Amino acid sequence: ALLFITVYTADGFLNYVEDHCVFNLTKLDDIEFIKSYYYQKLEFTRFSSSVGKYVGYTEYGVRNAEAWNKDTGNLAAMRNEKERYCLNNVGNDHEAAL
């Protein structure tokens with residue numbers, strides 16, 4: 001799986017975003033793009049290309065997901081990440097592993 005993590009800290013609190021691709025084959029229909037948002041090691045919101053929208057896991061995360069799902073431009077961009085981010089990099093990583 002492909003993984004990219006961005007970490008932000010302020011006053012000891014940890015907030016980070018994790019992008020990763022889950023795959024068995026290099027075909028686009030077999031790849032899932034996931035972007036997870038964390039605070040203090042607790043995932044509060046996630047975008048999954050298999051669901052096609054944001055899902056919240058905490059009260060704060062649900063509010064974020066509702067607001068972010070209303071932004072059609074951002075949602076379209078996130079849906080495109082599977083092809084833009086995963087497909088290109090998965091092909092490279094798959095070839096390197098073989």
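Every residue, every condition in (1) modelled with pLDDT under 95; (2) under 16 Å from residue 19 (Cα atoms), yes or no:
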residue	(1), (2)
35	no, yes
50	yes, yes
54	no, yes
57	no, no
67	no, no
71	no, no
82	yes, yes
85	yes, yes
(request) Kindly provide the set of residues from the stretch 43-68 that are within 14 Å of the chain's Cα centre (by Cα) and farther than 17 Å from residue 15 by Cβ, ordered by number. (result) 48, 49, 50, 51, 52, 53, 55
(message) Name the single residue that is surrounded by the fewest Cβ atoms within 10 Å (Cβ to Cβ) among those in the stretch 32-89 being of a type in the set (Lys, Arg) and out of contact with any strand residue (DSSP E or B) (no Cβ under 8 Å at 6 or more places or on another chain).
(response) 70
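The values are calculated or read from the model by the stated rules, or taken from the named source; none is laboratory data. Here the structure is a predicted model, which means the values were calculated and not measured. Quick reminder, even Gly has a Cβ in these numbers, built from the backbone with ideal geometry, and neighbours come from all protein chains shown.
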